[in-house]
1. As a footprinting exposure proxy, order 83, 35, 254, 9 by other Cβ within 10 Å, with the fewest listed first.
2. In what order do 1, 84 fall by count of nearby beta-carbon atoms within 10 Å, going from fewest to most?
3. Tilt of helix 37-51 relative to the longest C-alpha principal axis of the chain, in degrees (0 to 90, nearest 10)?
4. Which of rounded, prolate or oblate describes the chain when judged by the alpha-carbon gyration tensor and an a/c cut-off of 1.5?
5. Could you give the length gained on full extension between residue 221 and residue 279, defined as 0.36 nm per residue of separation minus the Cα-Cα distance, in nm?
6. Where both partners of a DSSP beta bridge lie in region 149-292, what percent of those bridges are antiparallel, to the nearest 5?
7. Compute the relative contact order of region 208-292 as a whole-number percentage, counting only Cα pairs closer than 8 Å that sit 6 or more residues apart in sequence.
8. What angle do you read, to the nearest 10 degrees and between 0 and 90, between the alpha-carbon axis of helix 187-203 and the longest principal axis of the chain?
Ligand SMILES: [Zn+2]
């Protein structure tokens, strides 16, 4: 008997480790959703930096957490069509994606901090996503990244960062432009995000040097504006800008589509024919503004 191997990287992921283990323990993860390639590129840029620096602590980077979905350039695993970021902590006795989630969960139990890198798609802004209301200590960590937009997560269970927070770790997400669908890279966003993680590691004392960041603003949860009927959407705003209430986000079948409140645009659909229920825009109010 002989065994012929092919595509053998589909059932294993690689962990890159840095540091002297004399300090904070941090995991940087990417591509839990395999098409989110801006996140993968960020992790790879970060690893180039870490290889040249003194790391006081322990940093493990897992640039491709979901190899089959990366190979397939899809959010869901081609094995079982499951979204891995809804099923943590996974199960050693489940199907392939449950087993993978379990393996990743086990691999990230020995760290204090997790930065999970994701992509929000074309027409998306870079933003930090955190449960900063439930876990106030995350405010300071989100600020340390010094990316301008920090958004309260809706806290959907089964996500690595949400379950890790409930397990006592300090975990957050950075959402990046491009990536999904189809696996594309926003190179400038990846470079900026890599610098943000350097700032974060400097804040923890893991790295001695840092790079300048941005002033930050905290926002409440994202509201999604969806198409009420099929039609043509033509956007009029860019992701990442702040829109006043009543500003036209674009036109919907020749009618202005108005911002329902003042907030930051997290995503905006490209010009296209949309169908009922599809997202046209994501908008998040400045923290506390809606209740006042
Ligand atoms: Zn994702």
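Any read-out appearing in this document is the output of simple, stated calculations on the displayed coordinates, not a laboratory observation. Just so it is clear, the model here is predicted, and its values are computed rather than measured. For neighbour counting, all protein chains shown are included, and Cβ atoms are generated from backbone atoms with ideal geometry for every residue, glycine included.
1. Details: 83 16, 35 24, 254 8, 9 12.
By the 10 Å Cβ count, ascending, the order reads 254, 9, 83, 35.
2. 1, 84
3. 40 degrees
4. Judged from the Cα gyration tensor, the chain comes out oblate (a/c at least 1.5, b/c at or above a/b).
5. Working: separation 58, 0.36 × 58 = 20.88 nm, distance 1.55 nm.
The residue 221-residue 279 span can extend by a further 19.3 nm.
6. In region 149-292, approximately 90 percent of DSSP beta bridges are antiparallel ones.
7. Once divided by the residue count of region 208-292, the mean separation gives 38 percent.
8. 60 degrees
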